[in-house]
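Below: one structure, written as structure tokens.
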Amino acid sequence: MDQRERVGDRAEAIRTAIEGMQAELWTAMPGIVNSVNHEQVTCTVQPATRALVTGLDGQQTWVDMPLLLDVPIVFPSAGGFTLTLPIAPGGEVLVVFASRCMDAWWQSGGHQNIQAELRMHDLSDAFAIPGPRSLANPLASFSSTSCRLQKQDGTAYLEITPAGAINIVAPGGINLTGPVMASSTIQATGDVHGAGKSLATHIHSGVTTGGGDTGPPV
């Protein structure tokens with residue numbers, strides 16, 4: 001019998017063949033970080049979607065996909081600057097798969113020749129992008145108008161508003177190392193300390209009646 005006679009609809013046969021090819025083509029999926037290599041800036045990722053496997057007995061079971069090893073972590077980086085985030089086991093990431101083998105680029109960088117390994121959209125060529133969140137792990141809050149760098153629970157953040165103001169909420173304090181320059185007024189609702197002296201409560205030595213200057217703060 002002609003194989004084409006087994007399928008009454010040729011379009012359905014073509015659709016089935018295409019879906020079979022798509023099943024082996026990987027583009028992107030959510031993943032869970034399993035471990036992190038801070039020296040190489042890579043991680044091991046467990047794909048967050050399971051595969052349905054049919055055994056020899058015909059029974060179907062859901063199984064975990066294999067771990068993705070040595071996955072480069074993608075941090076925003078350009079011009080000699082990088083924004084890093086504390087990637088840790090259990091964190092959610094978006095895993096993106098390169099369309100061609102990236103082994104030579106990964107080892108040496110720069111421009112590389114076409115690879116001897118002709119794999120395409122393969123599980124071996126993954127990048128991990130931190131940021132995606134499931135409904136089980138949402139942000140507690142975020143601004144719909146301002147740009148923010150914030151904790152997940154929203155209790156601390158640095159914010160730039162549309163008006164150009166910068167707001168900082170830091171319950172744990174702000175620590176600065178290096179000189180601070182201000183070209184306009186500085187206002188403080190609380191006390192200000194400098195060199196161990198309180199601006200609000202310090203006293204001066206050498207106070208005498210007349211037009212002379214006082215001594216330094218005590």
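The values are calculated or read from the model by the stated rules, or taken from the named source; none is laboratory data. Quick caveat: nothing in here was measured; it's all calculated off a predicted structure. Note that we place each Cβ from the backbone using ideal geometry, even for glycine, and neighbour counts take in every protein chain shown. Ligands, DNA and RNA are stripped out before the accessible areas are found, and what is left, the full protein with its side chains, is counted by its heavy atoms. Shrake-Rupley method; radii C 1.70, N 1.55, O 1.52, S 1.80 Å.
Structure above, values below:
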{"item": "Rounded to the nearest 10 Å², the accessible area of ARG148 at probe 1.4 Å", "result": "80"}
{"item": "Solvent-accessible area per residue, Å², over the chain with all protein chains present [probe radius 1.4 Å]", "result": "77"}
{"item": "Built amide H within the under 5 Å cut-off of ARG100, gap 5+", "result": "HIS121"}
{"item": "Sites THR145 and GLU117, calculated FRET efficiency, Cβ-Cβ separation with R0 41 Å, nearest 0.05", "result": "0.30"}
{"item": "Cα centroid of segment 151-199 to Cα centroid of segment 77-118, whole Å", "result": "37"}
{"item": "Within the accessible area of the chain (1.4 Å probe), percent carbon and sulfur", "result": "57"}
{"item": "Dimensions (Å) - segment 84-173, Cα atoms, principal axes, largest first", "result": "54, 31, 24"}
{"item": "Relative contact order, percent, segment 19-77 [alpha-carbon distance under 8 Å, six or more residues apart]", "result": "28"}
{"item": "Computed [θ] at 222 nm, helices only, for the chain once each DSSP H run of length n ≥ 4 contributes -39500 (n - 2.57)", "result": "-2500 deg cm²/dmol"}
{"item": "Residue-span extension gain [ILE166 to ASP64] - 0.36 nm each, minus C-alpha spacing", "result": "32.2 nm"}
{"item": "For segment 124-139, 3J(HN,Hα) per residue [Karplus equation, 6.51 cos²θ - 1.76 cosθ + 1.60, θ = phi - 60°, Hz, x = Gly/Pro]", "result": "6, 10, 9, 10, 10, 10, x, x, x, 9, 7, 5, 7, 9, x, 5"}
{"item": "In order through segment 43-59: 3J(HN,Hα) via Karplus (6.51 cos²θ - 1.76 cosθ + 1.60), integer Hz, x for Gly, Pro", "result": "8, 9, 10, 9, x, 7, 10, 8, 9, 8, 10, 9, x, 4, 8, x, 7"}
{"item": "Mean Cα-pair separation over length for the chain, i.e. relative contact order, pairs under 8 Å, 6 or more apart, %", "result": "13"}
{"item": "In Hz, Karplus ³J(HN,Hα) per residue of segment 183-197 (6.51, -1.76, 1.60; θ = phi - 60°; x = Gly, Pro)", "result": "9, 8, 5, 10, 10, 9, 7, x, 6, 10, 10, x, 6, x, 9"}
